[in-house]
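Every read-out reported here was derived from the displayed coordinates using simple, explicitly stated rules and does not represent laboratory data. Because the structure is a prediction, the values reported are computed rather than measured. Glycine also receives a Cβ, built like all others from the backbone with ideal geometry; neighbour counts cover every protein chain displayed.
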Amino acid sequence: MKSKLWKRLITAALATGMIFSLTACGGKKVELNDGTFKAVDASELTFPQAEKVTLTGLINYPANTTEPKDRTIFQRLEEQTNVHIEWNAITNSEWGDKIQTLMTDVNSLPDFIFTAGFGEADLLRFGEGGTIIALEEYIDNYMPNLKGVFDKYPEYRAMTVAPDGHIYSLPWIEQLGSDKTAIQTIDNMPFINKKWLDFLKLEIPENVEDFEAVLIAFRDNAAALQAEFEIEGDIIPMSCIVNDGGQDPGVLFNSFGEGYGDPDKWRHIVVTNDKKVVCSATSEGWKEGIAWLHSLYEENLIDPEAFTHDWSTYVAKGKSHRYGVFFSWDPANIDNLEDYVPLPPLAVGGQRVLTPTNGSFTSGYDRGRCVVTATAQNPALVCAWLDQMYDPIQSPQNNWGTYGEPDEFDIFTMGTNDKGEPMLQHAPLGDASPVEVREAEAVGGPLAILDEYYDVYVTCPDDAQYRLDWIKEYYTPYMTGTDYVYPTVFMSKEDIEELSNIMADIGKNVNAKKSEWIRDGFTDADWDEYLEMLNGYKLERYLEIFQKYLDAYFAEMK
């Protein structure tokens, strides 16, 4: 759903030199395995283990929820496997700082890090430095569940293999649709107030002219809308958070010019039908779309706080029912499901297209979700236990929550499918927040939920299903501009560093100009100066690096 590559780059202050053994600051020498494959007899890896085994793990979790060690999922897993995990649990808010310190102190390393969330640079640094171990032989020999996923979907294995040929991590995979119907193909979905449209006897707009007319009607009938629906506060025809992923309005100008839009808010790249990487933010469509948004802003049709307000303010205004149009993953996040409907792509001069979000065709994927450290004295057992997380019945529970909880909430009940086999069925939550219940029950970590699991091992979540239905009905038919998205690729340390340095300049300046020009407008001279500036920041080299890995990816997939 949203690219998080650069956010995950942990600073170079992290340790790189732990290879075979280290002397910690307290003077204790800790022996690390050398990373070579340590084969064991498969009979030693059956579950439940004949005698209880203890492993150590590191995990993060949401503050103000139950500690992972006390969660039903892990307690049930211990009963099933006879493996006890001694957890070092850190709250999400503290994780970013503490994981850096922990990775530099050999005494603090457990057998595995369940929710590492490491990016490419981290995996290469720790893998080549010997802090974490290569896992490909353990996967092929002792992890049948994950190997089965890799065999059926080789693209996931290709995305997990590092440039040096090793696999240093266990991924998180969540399929919800695929290709142009995948749930991540559109992040910043626009929603329009159907209740207001009906009151004003207006239709859902189909082109940019009709859309502007609808926003003007919302603005000019503000008093009537306030009175009819008892709204406190000013009517806001359209609100958004510029440059904020799912809340950004860029999806509206997809049909301008070449029809690329701005689907990748961090990197501003798209893949054309001839498999070429281009910069969306230098296209004529981007230029025309920004100019059009400026015209809406000049007419007081866009929230004046769209450039400054934060998420909590954005939501607070939405919950006051003040928005005619807004952008989000789900309307329930901002206001409610009943009053709003998705707004399909707007036509411009007869063209009506939508560019899917990069990385979305393989659905949800996090490469560095879990790692095994060099302190693991029995890595085969560690990997075999972690493979249980990829069991088709286990993965949905780790991802969303479980059944048989001692409190009043359950994400699932355990039922049966049409063959009478066990199947997790999503339970009604009433007024409970799905997000809060999931945070209280789920454990995250490495897992795989495949499309073929639905209605066999688990039902599809209601909030995912209606979004999938919307995408198929309102957006997939217009994904005609390109058949490709930029995939999730694993780059070398050198290319990551070079790309990151270029991205720091390009991303900052593109987003700054986007905000400035929507608000203040711009001239052709401003545009020419902007293009010259991006070229000065090595835009050509930037695209060249992306192109190298795209070509390699397609070659691998042949």
Any chance you could list P(r) for the chain, counting all Cα-Cα pairs in 10 angstrom bins from zero, rounded to whole %? 3, 16, 25, 25, 18, 9, 3, 0
Taking the Cα centre of segment 121-192 as the origin, how large is its charge dipole in debye, to the nearest 20, when only Lys and Arg (+1) and Asp and Glu (-1) carry charge on their Cβ atoms? 160 debye
What is the distance, in nm, between label points placed 7 Å from the Cα along the Cα-to-Cβ direction at Asp451 and at Ala63? 4.0 nm
Under 25 Å from the Cα of Lys419, which lysines turn up, not counting those fewer than eight places away in the same chain? Lys152
Sorted by average packing, counted as other Cβ atoms within 10 angstrom per residue and highest first, what order do 183-195, 34-46, 483-495 take? 183-195, 483-495, 34-46
For Lys38, list the lysines whose Cα falls under 20 Å from its own Cα; do not include residues on the same chain fewer than 8 positions away. Lys147
Can you compute the label reach from Ala504? Point 7 Å from Cα along the Cβ direction, backbone N cut-off under 17 Å, restricted to segment 98-123. 121-122
Dipole in debye (nearest 20) - the chain, about Cα centre, beta carbon charges: Lys, Arg +1; Asp, Glu -1: 1100 debye
Of the listed peptides 433-446, 465-478, what is their order by residue-averaged count of other C-beta atoms within 10 Å, with the highest listed first? 433-446, 465-478
Which FRET efficiency, nearest 0.05, do Glu421 and Thr36 yield, Cβ-Cβ r, R0 60 Å? 0.90
Cα-Cα over 23 Å: which of Lys194/Lys513; Lys180/Lys287; Lys275/Lys538; Lys472/Lys508; Lys287/Lys538? Lys194/Lys513; Lys180/Lys287; Lys472/Lys508
Using amide H atoms built in the peptide plane, which far-off residues or other-chain residues are under 5 Å from Cys370 H to H? Ala116, Gly117, Leu170
Square roots of five times the Cα gyration tensor eigenvalues for segment 99-248, Å: 52, 20, 13
With r as the distance between the Cβ atoms of Ala227 and Lys548 and R0 = 60 Å, compute the FRET efficiency 1/(1 + (r/R0)^6) and round to 0.05. 0.50
Going by amide H atoms built from the backbone, whose H comes under 5 Å of the H on Thr91, apart from near neighbours? Tyr61
By what distance, in whole Å, do the Cα atoms of segment 186-331 stretch along each of the three principal axes, largest value first? 53, 31, 25
Residue-averaged 222 nm ellipticity for the chain, from DSSP H runs of 4+ at -39500 (n - 2.57), nearest 500: -11000 deg cm²/dmol
